[in-house]
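Q: Please see the structure below; I have some questions.
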Amino acid sequence: MIKSKICDILGIKYPVFQGGMAWIADGKLAAAVSEGGGLGIIAAGNAPAEYVREQIRIAKSLTQKPIGVNIMLMSPYADEVASVVIEEKVDVVTTGAGNPSKYMKNWKDADIKVIPVVASVAMAKLMQRLGATALIAEGGESGGHVGELTTIVLVPQVCDATELPVIAAGGIADGRGVAAAFMLGAQGVQLGTRFLSAVECSIHPVYKEKILKANDLCTMVTGKRLGHPVRSLRTIFAQNYSKAEYGGMPDEELENLAVGALRLAVVEGDIEKGCFLSGQIAAMVKKEQPAAEIVKEIMDEAEPILKGAISWVE
Ligand code: TUI
């Protein structure tokens, strides 16, 4: 069995995190992943702090195992959510889409393990200095808000730049991806898109169907012009947004085009107005299955690959 430092640090069986996907990763999904031996993570996204508190309590009613909360730093409620995770005594906080420096001391004082997503070496070094427990190095193959670098380029550089355990994210959906991440120096992996097919993932059936039918070229990045590039499925909405973005639509109108789009995808399955966040690896998500089965399956697949690495080298 593959055990890494991060398993001991967090008290989990498998070094597998479920990504904190806004509107998607609720208490029920997170609890299912944690029960399966990984780390389930509730996404705060742009939700009010009381919603996050409720989801933490739901997760804790379903599992005794460690649970994480992902704080999306561009959220208008980020300050309040940053306090709720302390009040509710969550085990792990991950952060995304920004710099969490101003919250680090309070979280550490509350004994919360802080694992920021970093998309650059500079941010990785800063987070180590401020006392991060580990780092998630997320490449631009991922869904949602994306950085510049790919996973294969970012992970080894972050591993070299700090002494912290690194969790690789972006483009990983099966045991081969897990093995590759370990070969790059990672101590764990974070998967988002693969968990969209989990039985416990309550997205609209249209969303699940679109992921299960996706092909290799099914995602695109929009939002570069406003400085917040986001990867999603190449739907009517994404193509219209892209046309507006490059067709010279004024900034404010462009911003309004995206308002509510995540909810429309996740809750309504609306392919004309909804933004279906997805990583590039969607084509390799092949069937619906329980979250716990996903966690075990990818680690069982990775083990012989790593043991035999690389058998044909003399
Ligand atoms: O955050 C994510 N993925 C997300 S957030 C999100 S909600 C959203 N909605 C509309 C527009 C933008 C976002 C959907 N998906 N992943 C983690 C991640 N963090 N990827 C990249 C980064 C990142 C980028 C820059 C982390 C730190 C960073 O630092 C910049 C700085 O402030 O110096």
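Values in this text are rule-based calculations from the coordinates and carry no lab data. Just so it is clear, the structure is predicted and the values come from calculations on it, not from any experiment. Here the Cβ positions follow ideal geometry from the backbone for every residue, glycine too, while neighbour counts run over all protein chains shown.
Q: Show me the ranking of peptides 20-32, 299-311 by mean Cβ neighbours inside 10 Å, starting with the highest.
A: 20-32, 299-311
Q: Related question: For the stretch 253-305, compute the orientation-averaged projected area of the C-alpha convex hull (one quarter of its surface), in nm².
A: 5.5 nm²
Q: Still on this structure, please answer the following. If you add up the charges near GLU163, with Lys and Arg at +1 and Asp and Glu at -1, over every other residue whose beta carbon is less than 15 angstrom from its beta carbon, what do you get?
A: Its environment carries a net charge of +2.
Q: Going by a ≥ b ≥ c, the root eigenvalues of the Cα gyration tensor, does the stretch 72-119 fall in the rounded group (a/c under 1.5), the prolate group (a/b larger than b/c) or the oblate group?
A: Taking the square roots of the gyration eigenvalues as a ≥ b ≥ c, the stretch 72-119 is oblate.
Q: Still on this structure, please answer the following. For the chain, what proportion of DSSP beta bridges, expressed in % and rounded to the nearest 5, is antiparallel?
A: If we restrict to bridges inside the chain, about 20 percent are antiparallel.
Q: Given R₀ = 51 Å, what would the calculated FRET efficiency be for LEU217 paired with ASP79, taking r from the Cβ atoms and rounding to 0.05? Working shown, then result.
A: Values: r = 39 Å, r/R0 = 0.77.
My answer for the efficiency is 0.80.
Q: Just order 75-86, 183-194 by mean Cβ neighbour count inside 10 Å, highest at the front, would you?
A: 183-194, 75-86
Q: So which residue, out of ASN256, ASN99, ASN215, gets the largest mean-square fluctuation from a GNM of the chain using Cα contacts under 10 Å as springs?
A: ASN256
Q: Rounded, prolate or oblate: which fits the stretch 213-271, taking a ≥ b ≥ c as square roots of the Cα gyration tensor eigenvalues, rounded meaning a/c under 1.5, else prolate when a/b beats b/c?
A: Working: a/c = 2.07, a/b = 1.34, b/c = 1.54.
Oblate, because a/c is 1.5 or more while a/b does not exceed b/c.
Q: Could you give me the ³J(HN,Hα) list for the stretch 229-238, computed from phi with Karplus coefficients 6.51, -1.76, 1.60 and θ = phi - 60°, whole Hz, x at Gly and Pro?
A: Using θ = phi - 60°, the values come out as x, 10, 8, 8, 5, 6, 8, 4, 4, 5 Hz.
Q: So if I restrict to the alpha-carbon atoms in the stretch 1-71, what is the Rg, and what is Dmax, the biggest pairwise distance, in Å?
A: Radius of gyration, then largest Cα-Cα span, for the stretch 1-71: 11.8, 40 Å.
Q: Here is a follow-up. GNM, the chain, Cα, under 10 Å: largest mean-square fluctuation among THR219, THR162, THR95?
A: THR162
Q: Follow-up. With a ≥ b ≥ c taken as the square roots of the eigenvalues of the C-alpha gyration tensor of the chain, please select rounded if a/c is under 1.5 and otherwise prolate if a/b is larger than b/c or oblate if it is not?
A: Rounded is the answer for the chain, as its axis ratio a/c remains below 1.5.
Q: Among ALA181, PRO76, ALA214, which residue has its Cα furthest toward the positive end of the charge dipole of the chain, with +1 on Lys/Arg Cβ and -1 on Asp/Glu Cβ?
A: The residue sitting most towards the positive pole is ALA181.
Q: With a 10 Å radius around each residue's Cβ, average the other Cβ atoms per peptide and rank 242-250, 66-74, highest first.
A: Packing proxy ranking, top to bottom: 66-74, 242-250.
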